[in-house]
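Working notes, beginning with the structure itself.
Only the coordinates and a few stated rules stand behind these numbers; no lab work does. Since this is a predicted model, take the numbers as computed values, not measurements. No Cβ is skipped: glycine too gets one built from the backbone with ideal geometry, and neighbour counts run over all protein chains shown.
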Amino acid sequence: MKKNRITLISIIATLFLLSCNKEDQQQSIILPTHIEMVYPSSSASYKTIDISYNSDFTIQKIIKNLSGDSKINYDCTYNELQLLSNLKITEIPSGEERNYTIEYTNGIVSKITETTFDSTTNYNIDHNNNTNTYKYNFPYTWKFNAANDLEYYHFSSTTLFEITYDDGAAFNYFMKPQPILALLDTYFAENFFQDLYFLSSKPILKTRYEDFVSSDIIEHNYINTFNTTNKIIKSEISLNSATEPFLIKTISYQEINY
């Protein structure tokens, strides 16, 4: 009887330790799931955004909620390297669709194919490994740093768009930085990722547009607020030298255990 009691206690203790080890090994990730325009300007491209994820924490779907009942759905598909391989854009309620298929060569974007209801267009992308620049149909040029954060974008021979970054974790801190996100947002599928802060691993501090012919300069300055884990939760965006923001965006997160 004593021997059986000792065996039972030993089994209970083992199960307890296994349970504790399992809990100790459990990890969690905090994912951004919602963006809201707290102080929207008349030019705001959306009112709220909702984001859902795949089991590997890649973004599965983005829903931009516009005025009224209008919305835009973005469905994302990835290749074996977790690089975006297809983006389907559906406008509601019209049902109009656009598909972007992305091809890679050794992990580098080499071709984008746009398919609509009545046409298919291929765009060959050139990459310079030494400067980490991507080009399509000069002068369209995108320059990235070593972390694949967009540094500048030439969208004409006389205009330049530059980005300066803040410290801290950007909206997409959990994702693999991908130049395709900036290429799609700035030229192919405009306003897809830029409003989501997906262009970089760090939050945006300033964007600067310059027209070399007219000498026009437009700056958007970001005052970012972070939570205790250094993740961005609010951006107050002002124009040029203005001290008051013309746009405020807040970000909500969800903790997921795995």
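Below are the figures for this structure:
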{"quantity": "Taking the convex hull of Cα positions in the stretch 116-258, its mean projected area over all directions (nm²)", "calculated": "11.7"}
{"quantity": "Potential extension, Glu219-Asn73 segment - 0.36 nm per residue separation minus Cα distance", "calculated": "49.6 nm"}
{"quantity": "Förster-model FRET efficiency, 25 Å R0, Asp167 and Thr243, C-beta, rounded to 0.05", "calculated": "0.70"}
{"quantity": "Straight-distance crosslink candidates among aspartates and glutamates, where the alpha carbon sits under 12 Å from Lys231 and sequence neighbours closer than 8 are dropped", "calculated": "Asp166, Asp167"}
{"quantity": "Rounded, prolate or oblate (a/c below 1.5 giving rounded, otherwise prolate when a/b exceeds b/c) for the stretch 56-116 by Cα gyration tensor", "calculated": "oblate"}
{"quantity": "Charge dipole of the stretch 138-241 about the Cα centre (unit charges at C-beta), most positive-ward option of Ser156, Tyr222, Tyr140", "calculated": "Tyr222"}
{"quantity": "Label selected from [x] 33; [y] 30; [z] 43, the criterion being percent of Cα pairs over 28 Å apart as computed here", "calculated": "[z]"}
{"quantity": "Gyration tensor (alpha-carbon) shape descriptor, the stretch 37-76, a/c threshold 1.5", "calculated": "prolate"}
{"quantity": "Cβ-placed point charges (K, R +1; D, E -1), dipole of the chain about Cα centre in debye, nearest 20", "calculated": "1340"}
{"quantity": "Karplus-derived HN-Hα couplings along the stretch 96-102 (A = 6.51, B = -1.76, C = 1.60, θ = phi - 60°), whole Hz, x at Gly and Pro", "calculated": "4, 10, 9, 10, 10, 9, 10"}
{"quantity": "Proximal charge balance of Glu210 [Cβ under 10 Å; K/R count +1, D/E count -1]", "calculated": "-3"}
{"quantity": "Burial ranking of peptide ranges 216-229, 111-124, 77-90 (average Cβ count within 10 Å, highest at the top)", "calculated": "77-90, 216-229, 111-124"}
{"quantity": "Amide H within-cut-off set for Tyr104, under 5 Å, with H built and near neighbours excluded", "calculated": "Ser110"}
{"quantity": "Lys/Arg +1, Asp/Glu -1 at C-beta; the chain dipole; positive extreme among Phe188, Gln82, His127", "calculated": "Gln82"}
{"quantity": "FRET efficiency, Phe117 to Thr228 (Cβ-Cβ, R0 51 Å, nearest 0.05)", "calculated": "0.60"}
{"quantity": "Set Lys61/Lys234; Lys64/Lys143; Lys206/Lys234; Lys88/Lys234; Lys135/Lys249 screened for pairs whose C-alpha atoms are more than 24 Å apart", "calculated": "Lys64/Lys143; Lys88/Lys234; Lys135/Lys249"}
{"quantity": "Cα gyration tensor category, rounded, prolate or oblate, for the stretch 182-258 with a/c compared to 1.5", "calculated": "oblate"}
